[in-house]
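The values are calculated or read from the model by the stated rules, or taken from the named source; none is laboratory data. Every value quoted in this text rests on a predicted model; they were computed, and no experiment measured them. Note that we place each Cβ from the backbone using ideal geometry, even for glycine, and neighbour counts take in every protein chain shown.
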């Protein structure tokens, strides 16, 4: 069985999360610097048998695309070119950064740890993936 990989795209960093083999639970995977993402994915995807990729879709409150979508669109094109046999799905990512920060607060992380934007990105990817799993 393959896994589902979630991507929280950012211009500087990309948060990644992945499911277990049964596609029931989302786990934070890591955060990768954006320029290094395709090197990372080229190694990870075949090794871990990723069968679907979910990319966060940032939207405004009125359901229109957010301004960051202009940066995500070229990434999606390249992702589809590099991994043509893997379906790429989009999933609404509104409020995931706020939810990630709240998760950090609720888990008792110290202020210095909460400033770790890479951790916020990884938690955001996990939230995107866990929410996506509810729809499958």
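With respect to the conditions (1) farther than 14 Å from residue 7 by Cα; (2) at pLDDT below 95; (3) part of a helix (DSSP H, G or I), residue 136 lacks only one, and its number is (3).
Here residue 60 passes the criteria (1) modelled with pLDDT under 95; (2) in contact with a helix residue (DSSP H, G or I) (Cβ under 9 Å, 6 or more places away or on another chain); (3) farther than 20 Å from residue 123 by Cβ except the one numbered (2).
Would you call residue 4 surrounded by 19 or more Cβ atoms within 10 Å (Cβ to Cβ), over 10 Å from the mean Cα position of the chain (by Cα), in contact (Cβ under 8 Å) with a residue 24 or more places away in the chain and in a strand (DSSP E or B)? Yes: the conditions hold for residue 4. Taking the conditions exactly as written (under 16 Å from the mean Cα position of the chain (by Cα), modelled with pLDDT of 85 or more, farther than 16 Å from residue 57 by Cβ and not in a strand (DSSP E or B)), does residue 86 satisfy them or not? Against the criterion (under 16 Å from the mean Cα position of the chain (by Cα), modelled with pLDDT of 85 or more, farther than 16 Å from residue 57 by Cβ and not in a strand (DSSP E or B)), residue 86 qualifies.
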